Amino acid sequence: MKAVHFGAGNIGRGFIGALLDQSGFETIFVDVNETLINQLNERRSYTVELAGSAESLEVHHVSGLNSIQQEAAVIEAIAEADLITTAVGPHILSVISGLLAKGLKQRSRNNGGSVNVIACENMIGGSESLKASVLEHLEGDEADAVLAETGFPNAAVDRIVPDQFNEDPLAVKVEPYYEWVVETPAIKGERPAVEGITYVSDLTPYIERKLFTVNTGHAVPAYLGYYYGHKTIMEAMNDPKVKDVLRGTLAETGAVLVEKYGFDKETHQAYADKIIERFENPDLSDEVTRVGRAPKRKLGPKDRLIRPAFEYAERMNEEPSHLAEVIAAALLYDYKEDPEAAEIQEELKNEGLQSTLARVSGLDAGHPLVQLVEQKYNQMKA
């Protein structure tokens, strides 16, 4: 079996590529990083280290193609692939869509049969978003022919890959824990035979569980850690003040998930406890400024802080006190090297909190959540 994977970075190699190899796929990585592509072609293997343990695994049957210099070869690889995956980052999906469209069009002309394209990105509806971008490059009968044989099932992925520098450019360290959930209705043909994928009929509960637990949870030691002067997530997790807010925050998001999707309360609590353990792994510790980067996006209406806080207030009819404190800490995040943080600080200075938060979050300036965040913000700034 052959897989084409867009993105030869740490997530691509350490997560998706590793599982593809363990499932018997020959994997062709597509990337613009010439060093990585050359190393993949020269060595045809690399090492994945499991953080916090002495274990490692060797990934074999890999090669690489440069998407700029070897476009024709990439198109041919897509036309022959049994599975296509991505781990390029949400903003790059539209960038690769043109090349992907050419490959899928060639596949259709070759009568290559059904294939599935799975975007393994940290976003909601990644595969659907990629599909929409691909269709912008196809017209009429071409689009119909491609869609008839190509599935774009959405996925939720979860594996911490810390910021790292390795002498070996292909070596990568990842946490042992991972989750890869794929939604079945959009699949064309047989389900991809990848060990480690959990197939579900409705992905929404799993996406929100991950967003409201892993992503929301990680934001707590990032923004509160920065507020208390900590440099790393590990330092922040060793601070009882931060850890108390983290537990309170996950209790609030957990209440939303249990009420909304019917998750078993004890099972979800065990999941949340596992997430906290993952943040405490010293081999996975990251700088708070890397985890907290792009606060404007993370304060968006559908993202990890505002959305669960809003839903908690609506569904539980209570104040999301801990979430509000984390939102306030995100507004106090004044790391000058982060463009979004600098923008927020300038807006706060010129327009005040209510106006700034309303514009970023999509909430009305008079919303009770905005008022609660302002109260927390003033207390923390005093």
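For the stretch 328-382, which positions are part of a loop (DSSP other than H, G, I, E, B) and more than 20 Å from E314 (Cα to Cα)?
Residues satisfying the conditions are L332, Y333, D334, Y335, K336, E337, D338, G352, A382.
Could you please find all residues in the stretch 352-373 being open to solvent by 10 Å² or more (accessible area, probe 1.4 Å), more than 18 Å from E311 (Cα to Cα) and touching a residue at least 24 places away in the same chain (Cβ under 8 Å)?
Scanning the stretch 352-373 gives a single hit, L353.
Suppose we filter L250, L331, L323 for residues that are within 18 Å of I160 (Cβ to Cβ) and modelled with pLDDT of 95 or more; which single one remains?
L250
Among the candidates A54, A81, A72, A77, which residue alone is under 24 Å from P162 (Cα atoms) and out of contact with any His (no Cβ under 9 Å at 6 or more places or on another chain)?
When all the criteria are applied, what remains is A54.
Residues that are in contact (Cβ under 8 Å) with a residue 24 or more places away in the chain, among the aromatic types (F, W, Y) and within 21 Å of H230 (Cβ to Cβ): does the stretch 327-334 have at least one?
yes
Return yes when K302 is in a loop (DSSP other than H, G, I, E, B), over 27 Å from A51 (Cβ atoms) and open to solvent by 10 Å² or more (accessible area, probe 1.4 Å) and no when it is not.
It is true that K302 is in a loop (DSSP other than H, G, I, E, B), over 27 Å from A51 (Cβ atoms) and open to solvent by 10 Å² or more (accessible area, probe 1.4 Å).
Do we find that A148 is of a type in the set (G, A, S), out of contact with any Ser or Thr (no Cβ under 9 Å at 6 or more places or on another chain), at pLDDT 95 or above and farther than 21 Å from I28 by Cα in this structure?
No.
Do the conditions hold for N110, that is, is it over 25 Å from the mean Cα position of the chain (by Cα) and surrounded by fewer than 20 Cβ atoms within 10 Å (Cβ to Cβ)?
Against the criterion (over 25 Å from the mean Cα position of the chain (by Cα) and surrounded by fewer than 20 Cβ atoms within 10 Å (Cβ to Cβ)), N110 qualifies.
Looking at the stretch 365-372, is at least one residue closer than 17 Å to T249 by Cα and touching an Asp or Glu at 6+ places or on another chain (Cβ under 7 Å)?
Scanning the stretch 365-372 turns up at least one residue that is closer than 17 Å to T249 by Cα and touching an Asp or Glu at 6+ places or on another chain (Cβ under 7 Å).
Give the residues of the stretch 314-327 that are part of a helix (DSSP H, G or I), open to solvent by 10 Å² or more (accessible area, probe 1.4 Å) and within 13 Å of T249 (Cα to Cα), sorted by residue number.
S321, H322, E325
Just one of the numbered conditions (1) surrounded by fewer than 16 Cβ atoms within 10 Å (Cβ to Cβ); (2) touching a helix residue (DSSP H, G or I) at 6+ places or on another chain (Cβ under 9 Å) is not true of A342; which one?
(2)
Can you name the residue in the stretch 329-339 that is within 23 Å of the chain's Cα centre (by Cα) and closer than 24 Å to G248 by Cβ and is also surrounded by the fewest Cβ atoms within 10 Å (Cβ to Cβ) among such residues?
This residue is Y333.
Does I233 satisfy the condition of being touching a residue at least 12 places away in the same chain (Cβ under 8 Å), open to solvent by less than 20 Å² (accessible area, probe 1.4 Å) and either in contact with a Phe, Trp or Tyr (Cβ under 9 Å, 6 or more places away or on another chain) or closer than 24 Å to P162 by Cβ (or both)?
Considered against the rule, which asks whether it is touching a residue at least 12 places away in the same chain (Cβ under 8 Å), open to solvent by less than 20 Å² (accessible area, probe 1.4 Å) and either in contact with a Phe, Trp or Tyr (Cβ under 9 Å, 6 or more places away or on another chain) or closer than 24 Å to P162 by Cβ (or both), I233 comes out as yes.
Results for (1) touching an Asp or Glu at 6+ places or on another chain (Cβ under 8 Å); (2) closer than 22 Å to V172 by Cβ, shown as yes or no for each residue.
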{"position": "A18", "(1), (2)": "no, yes"}
{"position": "Q22", "(1), (2)": "yes, yes"}
{"position": "I28", "(1), (2)": "no, yes"}
{"position": "T35", "(1), (2)": "no, yes"}
{"position": "L40", "(1), (2)": "no, yes"}
{"position": "R43", "(1), (2)": "no, yes"}
{"position": "L50", "(1), (2)": "yes, yes"}
{"position": "A72", "(1), (2)": "no, no"}
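Here is a check on your reading of the model: is S127 among the small types (G, A, S), open to solvent by 10 Å² or more (accessible area, probe 1.4 Å) and at pLDDT 95 or above?
Considered against the rule, which asks whether it is among the small types (G, A, S), open to solvent by 10 Å² or more (accessible area, probe 1.4 Å) and at pLDDT 95 or above, S127 comes out as no.
The values are calculated or read from the model by the stated rules, or taken from the named source; none is laboratory data. Remember, predicted model here, so these are calculated numbers, not experimental data. Please note: Cβ atoms are built from the backbone with ideal geometry, for glycine as well, and neighbour counts cover all protein chains shown. Please note that ligands, DNA and RNA were not included when accessible areas were found on the heavy atoms of the full protein model with its side chains. Shrake-Rupley method; radii C 1.70, N 1.55, O 1.52, S 1.80 Å.
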